[in-house]
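J.: Input: one structure, supplied below.
Just so you know, all these numbers are worked out from the coordinates, no wet-lab data involved. No experiment lies behind these values; they were computed from the predicted model shown. When we count neighbours, we look across all protein chains shown, and the Cβ atoms used for this are built from the backbone with ideal geometry, even at glycine.
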Amino acid sequence: MNYTRQVVSYQSEGLRIYALLTVPRGTPPPGGWPAIVFNHGYIPPDKYRTTERYVAYQDAFARAGFVTLKSDYRGHGDSEGEARGGYTDPGYTVDVLNAAASLKKDPRVNRRRLGLWGHSMGGQLSLRALLVDRDLKAASLWAGVVAGYDILNTDWNPPGPAAHPGQPEPPLPAPAQSECLPEGIRGPPPAAAPRHRRQGRALQLSAGAGG
């Protein structure tokens, strides 16, 4: 395998959020590797696991020379916070923005070549993040849930069992030890103007991290 795969964590509004990071092996090109923030679709938060789902997609980009970071979102798996949904609450969007900000502080990453990949609910989160952070230049949306707030509030979750699009990806063997990514920006709700403070520190690896 021509890349490393590790569980990492970063800070988002004071919460520890876990994520799956892949980094190509070898010397980064001039300016650093291009990077992608992966935004997963709806998965029941209590069923979510950092090292499962969307593995094949991250693998394809990693083999092609991209750094990828797939955030849990708050309240998913072992990540802190409350999972309040990605359609009417800004929390997941803030987590995506902080994931992007953390990647920008990684010296292996070319912050001028930073994009997003989003599926289903993650497609909407990607669009919201694009509106807030102008450093995010491109996004690839797969069956994104895209609609105005009025539609999402009235038509997306009608009375009765809710159906969420997206098929899970099969798991791969557990990755290497975790490391800590720095705290990133704390973005405003999607409806707010795209103004925010940019924060963060250089990436700090935990002892023995590797993969």
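J.: Would you tally the net charge around Gly86, using a Cβ to Cβ cut-off of less than 11 Å, leaving Gly86 out, and scoring K and R as +1, D and E as -1? Present the calculation step by step, with values, prior to reporting the outcome.
T.: Values: positive: Arg74, Arg84, Arg128; negative: Asp89, Asp95.
My count for the surroundings of Gly86 gives +1.
J.: Please give me, ordered by residue number, the trypsin sites (Lys or Arg not before Pro) of the range 1-63 that lie in loop per DSSP and have at most 12 other Cβ atoms within 10 Å.
T.: Arg25, Lys47
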